[in-house]
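Working notes, beginning with the structure itself.
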Amino acid sequence: MENNKCFIEAKDILKIYGPTIAVNHLDITINKGEVLALVGGNGAGKSTITKILSGVINCDSGSITIDGEAIDTNKYSTADARKKGIFVVHQELSLCKNLTVYENFYVEQYQQFYKSHNWRKTAKELAKKALDNVFPGNTIDVNAGLNTLTIAQQQMVEIARATSTPDLKMLVLDEPTSSLPTEETNQLQEYIKKTAANGIAYVYISHRLKEIMYLADRVFIMQNGSKKHECLISETNEQDMVERMGSGIGSQNKKLEFNTPALNEKVSIKMDNYSSKSLKNISAQMYGGEIICLTGLEGNGQLEFIQEIFYKARKRNKNGLEINGKVAYVAGDRKKDGNFPLWSIKDNTIISNLANSLLFKPLNTKNVNDLVNRWNGRLKTKCNSTDESIMSLSGGNQQKVLIARAMAVDADIIILDDPTRGVDVETKLELYEVFHEAAENGKLIIWRTSDDAELEYCTRLFVMTRGTIGAEFEHGKYEHSDILKVAFENQEKKDLKKALEKKAKQPKLYLFALITTIILYTICGILSPTVLSKRGVELLAVGYAPFIFCALSQTFIIGLGHIDLSVGAFMGLVNVVTATILDHNTAFGIFVLIVLLAAYSLMGLFIYWRNVPPIIVTLGMSFVWTGIAYNLQDMPGGHVPEWMVNLFNFKNPVLNGILIWLIICIIASILIYRSKYGTALRGYGNNETAMKNSGWSKAKAYFMIYFIAGCFAMMGGFAQSGITGASDVNASSTYTMLTVAAVIIGGGYFSGGVVTHFGSVCGAISLTMVSILLGLLKVNTDFTATVQGLVLIIILSIRLIKKGEKANE
Amino acid sequence: MNKALSYIKENTWIWALIGSTILWLAMGISSGQLGFSSLISNANTAAFLAIMAFGQMLVVTSGRGAIDLSIPGVLTLMAFISMSIINGKNSMIVPAFIAVIAICAAIGFINSLMVIYLQIPAIIATMAMNYILTTAALLINKHFSIFTVAPVLKAFLKGKIFGIYFSIILVILLGVFFWFLLRKTSYGKSLLALGQNKNAASLAGVKTARVEMVTYILCSVLTGIAGILVSARVGSAVLGMGDTYTMDTVASIVIGGTLISGGRANVPGTLVGCLFLGLISAAMQVIGCSVGAQNIAKGALIILVLMLGTFQKKSAK
């Protein structure tokens, strides 16, 4: 009976990152129908253990049993976890921002849609139902684009999406309420209680102890990767939990010998009721000789505090922040903010010195070597030579190099951004000594730390809460629980009233391009009424068509975050093939065209397989396409078969052939992107990891994108042939870059999968309209290119201004 | 031995150098005249490409997918402007150089403003600039009929020391200069840092905006100087004379081992890359290959070199 109750049992789990033991021989069990609260300070290992249980990372040793079945811990993946009914709502959201709410439901829950005929309807119903289930009365529109939702609403979508899994057995919620307003938090808690009663297990990670007291059945307190305490909720209270989390940290180091260095008043930072975007009413004075720690729960303004100081120090207008002294910054996230991976230890050490000297002053090699050797020697960086790559070092030694960088530049104020993260204990102690020595030399050290044990090494500490200094303590004049109390107590009061307010309505991406097109068209119409007639539109279409087909093709590629430099050349080649091979031998011509399309699609697979930059692959292929075309036909000419000419010029009473094809292809491209698989392809353009985790094949996605793009480029080549009746290798070579411009004018971005076909078409039309307008204005056609260039710059500048407004909100 | 191997792995342009040697030998044997003269005349042609390739190398090294697409526009326009100013007179050469450098510096400056402050992606900003410059060239072309080259320029282009053209020596000197710039100056190191990781560079105190500005200005100025020399060599300025150079500069630096994603530049590689591209065309002309076949070979080689580069990365892991 007891065994049946247990859903997941992990024993003796060990996970080591370099020198850090993230999870230290931990035993944990989670029962069916139980809400287990996982609490602990920063870096206690809560996230790591949940990642292990959900298959995101594999543990180094230990055993996991799920539902009575032992798991191979080396091969356990997220896909396996999903099959077992284990889902996670991570702190960092795993949604595709370029899709709508219901499309996000689809890409993760696609197994539910195999048999559905109208997947959009089903997905909308599913999304609506899931959201209403968890958050009754929510105002989220399932048709809305995810990027139009607030962070709180996105969080709600992510939670609701996880709960919509039909065979959900266990759900891990990592800080689910950190951005939710009170009412929604209550709704979530009610939902959890209700479903837990039906047998679903919950792991609930939160810093909000009140919530835990209300919600949880059992509490599991972690510290330094180990279990600190485990008890039923009835056996504990908030006070008790805070004490248990805290005790043991301070006491080990209490006896530390600590001489407070003398103050150096020449170096100082003064803030008087200072506020910025994410800091509120901070008043503080800091002087040389001090080591000031910033602590508090993650995300309460510590990072913003130090970055504000660093960036403001370089600006003339400091907005009332007074900084006396040179500032250097030591990044803790070495990969993201610190290392230059292609460089040696020496170069990595000396860059700040160089950056501070005159741009074209030659280096003093001897001086450089002296500094590098002195500081890496002082810090005892373990390496055979400073010419070795920084990437050959362990994390702790990489960190030493970054600290040597700040020391070598001889800054007065040294900002440390959690520099001991992932560093072994011995190195940590060495670093503390270095920091202390620097303070003794009159430097001011501002130290953001996520390891509470380090607070013992500072002369003063600020506890940050909600973007301000919640409390300030002198060295040795506080108990650790005082800090935790300040850090935790204000969390529930976070002002989240605004969290659910609707964001200002954003214009559609293609709006600027559409407006530009309409304006240009209207002006042309006023100048020459024929433009407005059906005949006029048809004539225009003949001019536009190949370019628009090409733009549709490029849209798919840019939607994936790539750029295709070969599309114009490919179109030219198709054009040449139709006027040569196809004309001589239809069957063989068709065969060649199919081979070309296959070759084009394979570019996608090649990029996936070799993981090479798409821009170079397509650049290389553009030479190849042009080369083949030249071999087939070195002078413009040839003869396009009658049937192909007729295909684009067939007589009918409604519209001319080319315009009909154009409309068909535009609609087709939009439909492809709206289809089931097209939705997944768009998702790939935004969040590859999320799509891969949901089980979509990356190779297939790359291949399909290039295949589809190839089809449209081919259509462009056909149109070229149909219109001109002959071929010219270079006729479409300018299209390559023009289509990139068209996609960007049409509201697209190079990354994030933000493109629209309609926008690209508008962009393409406005670029060509420019030449027609100039012709009508009797302006020399020579100016066409200039005006196109200016239109490009102006539209993108307007977009920047609009974006700036959005960011300020 | 191991050291040599690892050097080859890090410098993929060695393959291009070996390729160039083979091409040169093959050409010499097939034409029956094995000698340095064919190599030198090819190097002379490649020299003009190399001047621009250095500029492109700097822009690409600044990272985040930056490529300067305004090279053809700058080259063509500066060819027209310099021809117009010089008009066959020796005395006007210096003023022409001053004018070209000043105009190009302005062009590069505007490019960098668009990239840094308007946050327009570099390839779009420079493409827009290219359109504008192309128009300017078109306008000048209408009233343009100069086909005389200043004697000093002519002499410079034909002049040799120890059988080596002045232009080759100029390019080698430029190469030494850029090698020094990238390795031994604050600008060079800052540029390489910026290209690897803009965020880290900025936190390390690199003045990113200033470095980017200098980069775009250098690229335009170099292209402008190439414009003067190319027009003097051709004997006039022609519309579209710069069109092939964008792709050729990118191809040559990629063959030379410069990372397209930024942060690593290779000066000797760029030189070899330019020579190699030139030799391919020359060799294929000798054996009677069409323009088409030359293109195919060029494209295939770019992809091949790229693959060699990634093999090296995989084995490093």
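Some points to look at:
- Chain A: relative contact order as a whole-number percent, Cα under 8 Å and 6+ apart: 13
- Taking every residue in A:623-634 and counting other chain Cβ atoms within 10 Å of its Cβ, the average works out to 6.
- The angle between the Cα long axis of helix A:480-489 and the longest principal axis of the Cα atoms of chain A comes to about 40 degrees, rounded to the nearest 10.
- Using θ = phi - 60° in the Karplus curve 6.51 cos²θ - 1.76 cosθ + 1.60, the 3J(HN,Hα) couplings for segment A:605-619 round to 5, 4, 4, 5, 5, 8, 6, 10, x, x, 5, 7, 4, 6, 4 Hz; x is entered for Gly and Pro.
- Antiparallel DSSP beta bridges within the protein assembly as shown, percent to nearest 5: 55
- Rounded to the nearest 500, the helix-only mean residue ellipticity at 222 nm of chain B stands at -26000 deg cm²/dmol, with each DSSP H run of n ≥ 4 adding -39,500 (n - 2.57).
- Label point distance in nm, residue B:158-residue A:527, each placed 7 Å from Cα along Cα→Cβ: 5.0
- Between residue B:41 and residue A:584, the FRET efficiency from the beta-carbon distance, with R0 = 25 Å, is close to 0.05.
- Percentage relative contact order, segment A:511-797, counting C-alpha pairs under 8 Å, at least six apart: 37
- FRET efficiency, residue A:25 to residue A:72 (Cβ-Cβ, R0 22 Å, nearest 0.05): 0.65
- Straightening the chain between residue A:777 and residue A:378 buys 136.3 nm, computed as 0.36 nm per residue apart minus the Cα-Cα spacing.
- Whichever aspartates and glutamates have a C-alpha closer than 13 Å to that of residue A:15, once near sequence neighbours (fewer than 8 apart) are set aside: A:27, A:60
- The distance from the alpha carbon centre of segment A:634-655 to that of segment A:438-469 is 76 Å, rounded to a whole number.
- In terms of distances greater than 31 angstrom between alpha carbons, the cross-link table entries A:346/A:428; A:32/A:228; A:335/A:698; A:51/A:210; A:700/B:207; A:651/B:142 yield A:700/B:207; A:651/B:142.
- Remark: mean inter-chain Cβ contacts per residue of B:117-125 equal 6, using a 10 Å Cβ-Cβ cutoff to other protein chain atoms.
- Burial order of peptide ranges B:58-67, A:160-169 (average beta-carbon count within 10 Å, highest first): B:58-67, A:160-169
- Other residues lying with their Cβ under 13 Å from the Cβ of residue A:281 contribute a combined charge of +1, Lys and Arg counting +1, Asp and Glu -1.
- Packing-based ranking, highest mean first, of B:250-256, A:709-715, B:280-286 given that Cβ atoms within 10 Å are counted: B:250-256, A:709-715, B:280-286
- C-alpha center-to-center spacing [segment A:533-582, segment A:57-101] in angstrom: 44
- A straight line joining the Cα centroids of segment B:178-221 and segment B:39-114 runs 20 Å.
- Relative contact order computed over segment B:37-316 (Cα-Cα under 8 Å; 6+ residues apart), in percent: 35
- Nearby aspartates and glutamates by direct alpha-carbon distance to residue A:277 (threshold 12 angstrom, same-chain neighbours under 8 apart not counted): A:304, A:308, A:809
- Distant-in-sequence amide contacts of residue A:734, defined by a placed amide H-H separation under 5 Å and a gap of 5 or more residues or a different chain, comprise nothing.
- Cβ-based net charge around residue A:239, under 14 Å, with every Lys or Arg adding one and every Asp or Glu removing one: -4
- When the pairs A:169/A:193; A:75/A:336; A:312/B:198 are compared against a 20 Å limit on Cα-Cα distance, A:75/A:336 fall above it.
- Tensor-based shape of segment A:511-797 (alpha-carbon gyration tensor, a/c under 1.5 rounded, otherwise prolate or oblate): oblate
- Helix-only arithmetic for chain A: the sum of -39500 (n - 2.57) across DSSP H runs with n ≥ 4, divided by the residue total, places the mean residue ellipticity at 222 nm at -16000 deg cm²/dmol.
- If R0 equals 30 Å, the separation of the Cβ atoms of residue A:91 and residue A:141 corresponds to a calculated FRET efficiency of about 0.75.
- The residues neighbouring residue A:77, those whose beta-carbon lies less than 13 Å from its own, together hold a net charge of +4 under the Lys/Arg +1, Asp/Glu -1 convention.
- Per-residue average of Cβ from other chains inside 10 Å of B:260-268: 2
- Segment residue A:280..residue A:116, full-extension length gain: 53.9 nm, with 0.36 nm per residue of separation and the alpha-carbon distance subtracted.
- Working from label points 7 Å from Cα in the Cα-to-Cβ sense, the residue A:699 to residue A:635 distance is 4.8 nm.
- At a Cβ-Cβ separation cutoff of 4.7 angstrom, cysteine residues of chain A with no neighbouring cysteine are A:6, A:59, A:96, A:231, A:383, A:524, A:550, A:665, A:711, A:762.
- Computed label-point distance, nm, for sites residue A:17 and residue A:198 using a 7 Å Cα→Cβ extension: 3.6
Every number in this text was worked out from the coordinates using simple rules, so none of it is lab data. Note that the structure is a prediction, hence the values are computed from the model and not measured. With ideal geometry, Cβ positions are generated from the backbone for all residues, glycine too; neighbour counts draw on all protein chains shown.
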